[in-house]
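K.L.:
Provided herewith is a single structure, encoded as structure tokens, for subsequent inquiry.
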Amino acid sequence: MKTSEALLVLLCCCLAETQLRGETISENDITHQGHSGEAENRENEVMAAAQRTEAAATASTQQTCQPDIHTVLREMSALMAEQRVELRYTKAQMEAIETRLRASENKAEAMENRLRASENNAEAMETRLTERLAASEKKTEGMETRLIASEKTVEEQRAVIKELKEEQEEQAAAVRAVGGSVNLTGSQVQELRWEIEERKVSFSASLVASGDVTKGPFNAATPLVYKHIFINIGNAYNPNTGVFTAPVRGVYHFNVFVFGNGHGSRASGVSLHKNGEHIVLAYTVQNTAHMAASNGASLLLEVGDVVYLKLWHGAWVRDTYNHHTTFSGHLLFPM
């Protein structure tokens, strides 16, 4: 572009110089004709001189412009060569920049994929932590409920023991009073001792002694045998059959605690029976890791009446070395 502009300027200069010389000669000839007033012969001379001058100017202009055109052409060739070099250099730079841009885009895409994966992992971890926290909270609530029930049972047992001690003291006082006024035979004293001992009735047992055992589910109600004995004063509870037999007529209190695996449609349930009659049911259905239930009742029993537990039909129950599932009974007072 620069070379073309320079060539056009040079050509314009040459044409302007030629016209200027021609105009100068013409004006001098015309002025000279005006002052002398010569005839046509003078005019011919002037025209001949003008033609000679114009031819000389044209030859001079050609001689002057010809070297300038060659110079301009050489400059144009050199400039075009420089532009080709610059063009190749610019093209190489653009290719390098394009390569770096692709690499940067690939790196950005990889980082974006890693970021999405990290966000997905964070969401999954948050979900798992939320589920575990909810399960832990429900388990804690169940343990608190069992602890409260256990505390109530302990208080009841303490009250029963206190009543038994008071009865023993009264009976001992009665024996002392009778012994002081009446001479009892050895057999009478022994019978009195047996009667006092028969009034001491209390037992507590868990389903298994060790390990982790789940019983059920069964299509029909099934008797449960609680084998691990905590206490069995009076030996009224039989760990081989799971049956409690009343040794004396009186009011007895029984407690049932049930533990099981959580399930959306399967329950954990145990029912208390007296002489084949259904009394109460400890029953729960929860879609959690574990579930627990409890129940109890006070019964008037005659000598020989039996009390036992059955696994509820379609339900299951679980016990471990921690002894979650228990069966307890105590004589509150004889009648």
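K.L.:
Starting from residues that are at pLDDT 95 or above and out of contact with any strand residue (DSSP E or B) (no Cβ under 8 Å at 6 or more places or on another chain), keep the ones in segment 277-302 and report whichever is nearest to R249 (Cα to Cα).
P.N.:
Among them, the one singled out is E302.
K.L.:
Further question on the same structure: Just give me the residues in segment 238-262 being touching a residue at least 40 places away in the same chain (Cβ under 8 Å), within 49 Å of the chain's Cα centre (by Cα) and open to solvent by 10 Å² or more (accessible area, probe 1.4 Å), in sequence order.
P.N.:
H253, N255, F257, F259, N261
K.L.:
Which of the residues belonging to segment 220-272 are farther than 23 Å from E302 by Cβ, in contact with a Pro (Cβ under 8 Å, 6 or more places away or on another chain) and either of a type in the set (V, I, T) or not assigned by the TED database to the domain that holds A282 (or both)?
P.N.:
Result: V225, I229.
K.L.:
Against the condition open to solvent by less than 100 Å² (accessible area, probe 1.4 Å) and modelled with pLDDT under 70, how does T185 come out, does it pass? Give the steps one after another, and end with the answer.
P.N.:
Values: open to solvent by less than 100 Å² (accessible area, probe 1.4 Å): yes; modelled with pLDDT under 70: yes.
When the stated conditions are applied, T185 passes them.
K.L.:
A follow-up question, please. I'd like to verify a number: residues in segment 293-311 that are open to solvent by 30 Å² or more (accessible area, probe 1.4 Å), hydrophobic (A, V, I, L, M, F, W, C) and in contact with a Ser or Thr (Cβ under 7 Å, 6 or more places away or on another chain), how many?
P.N.:
1
K.L.:
Additional query: Can you name every residue in segment 91-132 that is more than 30 Å from T288 (Cα to Cα) and among the aliphatic types (A, V, I, L, M)?
P.N.:
Within segment 91-132, A92, M94, A96, I97, L101, A103, A108, A110, M111, L115, A117 meet the criteria.
K.L.:
Related question: Looking at segment 199-220 only, could you name the residues that are open to solvent by less than 50 Å² (accessible area, probe 1.4 Å) and either at pLDDT below 95 or of a type outside the set (S, T, Y) (or both)? Walk me through how you get there before you give the answer.
P.N.:
Initial filter on segment 199-220 (open to solvent by less than 50 Å² (accessible area, probe 1.4 Å)): 201-208, 211, 213, 216.
The answer is V201, F203, A205, L207, V208, G211, V213, G216.
The values are calculated or read from the model by the stated rules, or taken from the named source; none is laboratory data. In this text the structure is predicted, and so the values were computed from the model without any measurement. FYI the Cβ positions are ideal-geometry reconstructions off the backbone, even for glycines, and counts take in every protein chain you see. Quick note on the areas: whole protein, heavy atoms, side chains included, nothing else; ligands and nucleic acids left out. Shrake-Rupley method; radii C 1.70, N 1.55, O 1.52, S 1.80 Å.
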